[in-house]
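Chemist: If you scroll down you'll find the structure; I have some questions about it.
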Ligand SMILES: [Zn+2]
């Protein structure tokens, strides 16, 4: 569109009207030269003002002088200076920077990663390296019987028992997989971080604990995809496994999971700990019936399951089975 292009000549005409008004008797050529010189002078002045405005001012409050009791570490000072300069250039006024800043703005101490955060990061890297692509689109119920491994899985957490379970896993050099409910993790994200810090895996157990039978795409997004996003934002981990309530029910859900990059993970052995009359002895018996390659289903909230866990781990170890996460079991399976 050429509508605006006509404004440039108009501007030029307006500028040369000033000398024209001052002396109508001047020849047109002299007026044109005078206007040109005037325009160049204005341009030079603007450039000089611009350079002065963008120059760093060493005595600007808030840039280098730390406030007492709030020491600035070298890392913070190094990042604060360019930020100040960028703001000064953008606003063209050092005072605007000082006025905008809160009393202790940009001087908060750097956050040191905790040992747990470092350990969780290592778990995430370890699990992300595993290749599960060959399982996408199918329902996994067990791993390779020749793997010499089993995978304990704990559903429906996080729960107040999560830390007790982690303690028993750590004491025996074991890892497990926790299929967590999105809206429960939102209430206690620190338990999810603790699971990762221990070296165990977290799977997606939907956002509100629902079945996947005849699930529409919009419900899948609200229950499964949302859980992926919530977990990632809370604990930095995007699960690779999904297990809906009661396990997988139809191919539609499996297909949507595969499109979302998720492997559907059911189980080969049920501890039957959801039965009302389940006891420590019955859970121990059911869980340790498992053979190599098994994926064993248990539930975090069941008191008897937590009580049986040390004996379950001991019995599986006695048979030479290593306790690993579901992803590790699948990765190790041929
Ligand atoms: Zn469940």
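Chemist: Do the conditions hold for residue 291, that is, is it out of contact with any helix residue (DSSP H, G or I) (no Cβ under 7 Å at 6 or more places or on another chain), closer than 24 Å to residue 330 by Cα and in contact (Cβ under 8 Å) with a residue 40 or more places away in the chain?
Modeler: For residue 291, the condition - out of contact with any helix residue (DSSP H, G or I) (no Cβ under 7 Å at 6 or more places or on another chain), closer than 24 Å to residue 330 by Cα and in contact (Cβ under 8 Å) with a residue 40 or more places away in the chain - is not met.
Chemist: Do any strands (runs of 3 or more DSSP E) lying entirely in the range 149-266 carry at least 1 residues that are more than 18 Å from the chain's Cα centre (by Cα), modelled with pLDDT of 95 or more and surrounded by fewer than 22 Cβ atoms within 10 Å (Cβ to Cβ), and which ones are they?
Modeler: Those strands (runs of 3 or more DSSP E) span 149-157.
Chemist: Just checking, how many residues over the range 121-137 are surrounded by fewer than 20 Cβ atoms within 10 Å (Cβ to Cβ) and touching a helix residue (DSSP H, G or I) at 6+ places or on another chain (Cβ under 7 Å)? So that I can check it myself, show each step before the final result.
Modeler: Our first condition is that a residue be surrounded by fewer than 20 Cβ atoms within 10 Å (Cβ to Cβ); within the range 121-137, this holds for 121-122, 124-126, 128-134, 136-137.
Adding the requirement that they be touching a helix residue (DSSP H, G or I) at 6+ places or on another chain (Cβ under 7 Å) leaves 124, 130-132, 136-137.
Summing the residues that are surrounded by fewer than 20 Cβ atoms within 10 Å (Cβ to Cβ) and touching a helix residue (DSSP H, G or I) at 6+ places or on another chain (Cβ under 7 Å) in the range 121-137 gives 6.
Chemist: While we're on this one: Does the range 251-261 include one or more residues that are free of Cβ contacts under 8 Å to residues at least 24 places away in the same chain and assigned by TED's automatic domain parsing to the domain that holds residue 194?
Modeler: yes
Chemist: Follow-up question, since we're still on this one. Every residue in the range 149-162 that is more than 16 Å from the ligand (Cβ to nearest atom) and closer than 20 Å to residue 239 by Cα, please.
Modeler: Those that are more than 16 Å from the ligand (Cβ to nearest atom) and closer than 20 Å to residue 239 by Cα: 150, 151.
Chemist: Related question: Criterion first (touching a residue at least 24 places away in the same chain (Cβ under 8 Å), out of contact with any helix residue (DSSP H, G or I) (no Cβ under 7 Å at 6 or more places or on another chain) and either under 21 Å from residue 170 (Cβ atoms) or not assigned by TED's automatic domain parsing to the domain that holds residue 142 (or both)) does residue 307 satisfy it?
Modeler: Judged against the criteria, residue 307 is not a match.
Chemist: If you don't mind, another one. Does residue 327 satisfy being in contact with a helix residue (DSSP H, G or I) (Cβ under 6 Å, 6 or more places away or on another chain), at negative phi and assigned to a helix (DSSP H, G or I)? It would help to see each step written out before you state the result.
Modeler: Details: in contact with a helix residue (DSSP H, G or I) (Cβ under 6 Å, 6 or more places away or on another chain): yes; at negative phi: yes; assigned to a helix (DSSP H, G or I): yes.
So residue 327 fits the description; yes.
Chemist: On to the next question. So which residues in the range 275-310 are under 36 Å from the mean Cα position of the chain (by Cα), within 16 Å of the ligand (Cβ to nearest atom) and in a loop (DSSP other than H, G, I, E, B), if there are any at all?
Modeler: Listed by number, the residues that qualify are 300, 301, 302.
The values are calculated or read from the model by the stated rules, or taken from the named source; none is laboratory data. As the structure is a computational prediction, the values presented were derived from the model and not from experiment. Cβ: placed from backbone, ideal geometry, glycine included. Neighbour counts: every protein chain shown.
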